[in-house]
Structure formats: structure tokens, C-alpha cells
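Before any comments, here is the structure.
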Amino acid sequence: MSDPVQLSDSLWIIDGPAVRWFTVPFPTRMVIVRLADNNLLIHSPIELTPKIRRTVEALGQPKYLVSPNKIHHLFWSNWQAAYPEALSFSPPGLAQKRPDLSFYGELGDSPETFWAKEVDQLTFKGSRIFNEVVFFHIPSRTLILGDLVENFDPGTLSRFHRLVARFGRVLAPHGQTPLDYRQSFLLRHLEARSSLHRLLEWGPRSVVMCHGLPVTENAEAFLKAAFGWLQEKDGLTKPWSRYG
Ligand SMILES: [Fe+2]
């Protein structure tokens, strides 16, 4: 695991070991939000080791477990066993996919009251494979994505895998929605644009995703390029910034 990287007063990322997906090494990443009551919202929990337990517990009490989509589920059972008092929230489809896990509730198109003052939320609609749940850390205006945009660090990839990532449109600094994922939105762009407009209205200043380099500067330009495949002829014209 990496040491935790603090992105703001109450936001950290910790990287776990890579998992392979069609031979491509996918780095795993957990995002941790510390809420005002010292409870932690754990996004996309990575492999739980004694070192990670100590690291996380030094930040606060793991209380809410969430995942952006139904393919981010590999390490949930370990977390549920380690923190039985934590409340697990399933992204759409995960509860059906993993009936062995127990969930307190399902993530929807608006934030749960437990974290609504500090973390906003929406479901990105339009895909035939899954509606990813997107989070927004309000105090730092950081967008938290799973697979909707990936931004692989070229320095961590072999020459072959750099080519694969470039072909898939996910090589930093020009990470976008992966080609295979965006194809699942075929004929449903209108629905997806509506979600994108809501996301842009948050006015993100930073972007952190489960796979790849976080974006801490020029987030607006990065996102407009990353979602350029959804762009209307007149561009993404919604006002930039709802949180001032
Ligand atoms: Fe992923």
C-alpha cells in the first residue's frame, strides 16, 4: 500500500496493490472522507491489511462503506468483518451481484443524510452496464469518481500497456471515460448529459478517481476534455459552480 496522501483537511487517498483486468494492471485506490463527527466515509475499500487498519483508524472511525459501481466489490467482505458496526451502502446492482454481503441501504441519486452536509452525490445515468455513483467532497470541491474517468500514470505502465491505455483513452494527462464504458451509453447520451450537467454544476476544483493520477489543477478543462465524447455542438454550457 502507499502511505495515505492527504488531499485536503478531511480527504485522503490510499493506494493498494494492482489487480489485473485483461492483463492490464489496475491500481486500486480508496478515498477516505472524514466527516465532522470524526466518522469516516470509505469509498471503494482496498485490500484490508493490519497496516491499513492502523492507518485508517488513526484518521477516524470507519463508519460508512460505499462503492462507485458494482465492479468495485473485491474487498468488501473483509471490511464488513473487521467493522461490523459500519453501515454498507450498495451501488446499483451490487447487492444482487453479491448476495453474501449485507447492506444497510442502496446508494441513489442524492446523498444520504449521514453525509449530505459534506458530501454530495448523484448517479451517472445512461449506461447499459451500470450507473456509477459519483461523489463530491464539498469542503474541498473534489469530485470522486470510480471508473467514469480513468487517468493512468504512464510511469507505472510497460510500453505495451501504455499503448493499450492510450487506445482506451485513459492515459494521463489526457484521461477520459474508457472507450468500452462510453460505448455502453450508445443512443443514451441525452440521459448521460443530464447527469454530466449536474456534475459540472458542482464546480469541481479537483478530481480524484480510482485508477490514475488525481487532477488538482485546471479541473474544469480536464473534465470538459474527459467528457468531450458527450459534448453537444454548442459545448457544455451549464454554469460552472454551484458551491461558489
Ligand atoms: Fe475500476
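Condition first: closer than 17 Å to Ile144 by Cβ and modelled with pLDDT of 95 or more. Can you find one or more residues in segment 96-104 that meet it?
Within segment 96-104 (the criterion being closer than 17 Å to Ile144 by Cβ and modelled with pLDDT of 95 or more), the answer is no, since none of the residues qualifies.
Just give me the residues in segment 136-155 being closer than 22 Å to Lys125 by Cβ and charged (D, E, K, R), in sequence order.
The answer is Asp147, Glu150.
Would you mind finding the one in Asp100, Asp37 that is closer than 26 Å to Ser140 by Cα, away from the ligand (no atom under 16 Å from the Cβ) and in a loop (DSSP other than H, G, I, E, B)?
That would be Asp37, the only listed residue that is closer than 26 Å to Ser140 by Cα, away from the ligand (no atom under 16 Å from the Cβ) and in a loop (DSSP other than H, G, I, E, B).
Any residue at all in segment 142-154 that's within 16 Å of the ligand (Cβ to nearest atom), touching a residue at least 40 places away in the same chain (Cβ under 8 Å) and surrounded by fewer than 23 Cβ atoms within 10 Å (Cβ to Cβ)?
Checked against the condition, which is being within 16 Å of the ligand (Cβ to nearest atom), touching a residue at least 40 places away in the same chain (Cβ under 8 Å) and surrounded by fewer than 23 Cβ atoms within 10 Å (Cβ to Cβ), segment 142-154 yields at least one hit.
Of all residues being free of Cβ contacts under 8 Å to residues at least 24 places away in the same chain and in a loop (DSSP other than H, G, I, E, B) in segment 112-128, which is farthest from Glu191 (Cα to Cα)? Just the residue, please.
Filtering first and then ranking leaves Thr113.
Kindly indicate the residue of segment 16-33 that is of a type outside the set (A, V, I, L, M, F, W, C) and away from the ligand (no atom under 13 Å from the Cβ) and also surrounded by the fewest Cβ atoms within 10 Å (Cβ to Cβ) among those meeting that condition.
Residue satisfying both the conditions and the ranking: Thr23.
Taking segment 34-64 only, how many residues are of a type outside the set (A, V, I, L, M, F, W, C) and crowded, with 20+ Cβ neighbours inside 10 Å?
Counting residues in segment 34-64 that are of a type outside the set (A, V, I, L, M, F, W, C) and crowded, with 20+ Cβ neighbours inside 10 Å gives 5.
Conditions first: (1) part of a loop (DSSP other than H, G, I, E, B); (2) under 26 Å from Val170 (Cα atoms); (3) not hydroxyl-bearing (Ser, Thr, Tyr). Phe26 passes all but one, so which condition is the exception?
(1)
The values are calculated or read from the model by the stated rules, or taken from the named source; none is laboratory data. All of these numbers come straight from a predicted model, not from anything done at the bench. Backbone-built Cβ (ideal geometry, glycine too); neighbour counts: all protein chains shown.
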